[in-house]
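Read the structure below first, then the notes.
The values are calculated or read from the model by the stated rules, or taken from the named source; none is laboratory data. From a predicted model like this one, the values you see are computed outputs, not experimental measurements. All Cβ positions, even for glycine, are placed from backbone atoms using ideal geometry, and neighbour counts span all protein chains on display. We work out accessible area using only protein heavy atoms, side chains counted, and drop any ligands, DNA or RNA first. Shrake-Rupley method; radii C 1.70, N 1.55, O 1.52, S 1.80 Å.
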Amino acid sequence: MAIENPSRQEIGEILKKAKRIAVVGISDNPERTSYTVSEAMQKAGYEIIPVNPLIDEVLGSKAVASLKDIEGHVDIVNIFRRPEFLPDIAKEFTEMDADVFWAQLGIENEEAYQYLKEKGYTVIMDRCIKVEHAMTK
């Protein structure tokens, strides 16, 4: 089965409803895409939760080492990691309180997609959250 994303309209609804975005693989380097995309989403009013065991903080928020370290509900888990890491991230995702698994532009993994869809989660892959936000405002 191929990866099938929600419609643009559905993605727009997800983004309108969302408040908290956990960003897996965010960098504290302002020249990295994960930083600039997360900064744009933060400026658009979203709370950004950095998830990276190698950094202390980014964009004024303390980083956590893994998704398991996040307290409270997360609307979107936005992933900036290579495709081969998605199955493990998907398993960790199912152990937390989150709604949407979102792999950034150029990132997709069918194993992770199937695993999450079978559990009833909303999954978006190979889409840039910043671009989708701009297109669905």
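A few points about this structure:
- In the set (1) open to solvent by 50 Å² or more (accessible area, probe 1.4 Å); (2) among the charged types (D, E, K, R); (3) farther than 19 Å from GLY25 by Cα, GLU132 fails one condition alone, (1).
- Where a residue in the stretch 76-95 is at pLDDT 95 or above and its partner, wherever it lies, is of a type in the set (S, T, N, Q) and not in a strand (DSSP E or B), with Cβ under 6 Å and at least six apart: PHE80/SER34; PHE80/GLN104; PRO83/ASN109; LEU86/ASN109
- Scan the stretch 105-116 for residues that are touching a residue at least 24 places away in the same chain (Cβ under 8 Å) and surrounded by fewer than 16 Cβ atoms within 10 Å (Cβ to Cβ) and the total you get is 3.
- Test: ALA134 is closer than 20 Å to ASN5 by Cα, without any contact (Cβ under 8 Å) to a residue 12 or more places away in the chain and not in a loop (DSSP other than H, G, I, E, B): yes
- Residues that are open to solvent by less than 30 Å² (accessible area, probe 1.4 Å) and touching a Ser or Thr at 6+ places or on another chain (Cβ under 9 Å), drawn from the stretch 117-128: CYS128
- Residues considered: SER38, SER27. Of these, the only one that is of a type outside the set (Phe, Trp, Tyr), part of a loop (DSSP other than H, G, I, E, B), modelled with pLDDT of 95 or more and at negative phi is SER27.
- Among residues of the stretch 65-96, those that are open to solvent by 30 Å² or more (accessible area, probe 1.4 Å) and β-branched (Val, Ile, Thr), counted: 1
- You will find that of VAL77, VAL131, the residue that is hydrophobic (A, V, I, L, M, F, W, C), in contact with a strand residue (DSSP E or B) (Cβ under 7 Å, 6 or more places away or on another chain) and within 15 Å of SER38 (Cα to Cα) is VAL77 and no other.
- Picking from residues in the stretch 44-64 that are open to solvent by 60 Å² or more (accessible area, probe 1.4 Å) and not acidic (Asp, Glu), the one that is farthest from ALA18 (Cα to Cα) is LEU54.
- The stretch 82-127, subset assigned to a loop (DSSP other than H, G, I, E, B) and within 10 Å of the chain's Cα centre (by Cα), residue farthest from SER38 (Cα to Cα): MET125
- Only one entry of ILE21, ILE48 meets the criterion of being free of Cβ contacts under 8 Å to residues at least 40 places away in the same chain, in a strand (DSSP E or B) and in contact with a strand residue (DSSP E or B) (Cβ under 9 Å, 6 or more places away or on another chain), and that entry is ILE48.
- Qualifying residue in the stretch 97-104 (condition: over 24 Å from GLU4 (Cβ atoms) and either open to solvent by less than 40 Å² (accessible area, probe 1.4 Å) or not hydroxyl-bearing (Ser, Thr, Tyr) (or both)): yes
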